[in-house]
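This report refers to the structure that appears directly beneath it.
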């Protein structure tokens, strides 16, 4: 496990998975931590609809801040896209999917699914591992 992955338990579940992932990189991105938390706040719970995992979308934010393009140059766009694709490959290798529904086994966008996930302790048992994986991938590859 990497340094940032070791810090996950201090942030999650206090903050959502996207926030926990993104804010850990805020200092090196020269981004105020409160700003990072606000930016990522709407991405938890698979963007509140159990779609792309918040640890994944938080990672995309880190990649964008580190390697994102600021011009319309197709070459610059391709670099950013290739890094996101590589992140996706590495995350899928470890967990088999990118979506919250598949990763957790529950559709947490519904009250029934959220309650079932709570009962199964998914947020304590699975989600921290997704955040740790995202942080490790980012630290080791980007």
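Just so you know, all these numbers are worked out from the coordinates, no wet-lab data involved. Predicted, not measured: the structure shown is a model, and the values here were computed from it. Reconstructed Cβ throughout: ideal geometry from the backbone, glycine too, with neighbour counts over all protein chains shown.
When you scan region 51-72, how many residues do you find that are more than 13 Å from the chain's Cα centre (by Cα) and over 15 Å from residue 134 (Cβ atoms)?
6
Taking region 2-67 and the helices (runs of 4 or more DSSP H) fully enclosed by it, the elements with 3 or more residues that are touching a residue at least 24 places away in the same chain (Cβ under 8 Å) are at 3-6, 17-25, 54-67. Condition first: on the phi < 0 side of the Ramachandran plot, part of a loop (DSSP other than H, G, I, E, B) and more than 13 Å from the chain's Cα centre (by Cα). Can you find one or more residues in region 73-90 that meet it? Yes: one or more hits. Filtered by the rule that a residue be surrounded by 14 or more Cβ atoms within 10 Å (Cβ to Cβ) and more than 19 Å from residue 127 (Cα to Cα), region 82-93 gives 83, 84, 86. Is one or more of the residues making up region 100-111 assigned to a helix (DSSP H, G or I), under 17 Å from residue 13 (Cα atoms) and under 11 Å from the mean Cα position of the chain (by Cα)? Yes.
The sole residue among 51, 28 that is surrounded by fewer than 13 Cβ atoms within 10 Å (Cβ to Cβ) and out of contact with any helix residue (DSSP H, G or I) (no Cβ under 6 Å at 6 or more places or on another chain) is 28. Taking region 112-138 as the range and being free of Cβ contacts under 8 Å to residues at least 40 places away in the same chain and part of a helix (DSSP H, G or I) as the test, the residues that pass are 112, 114, 115, 116, 117, 118, 119, 122, 125, 129.
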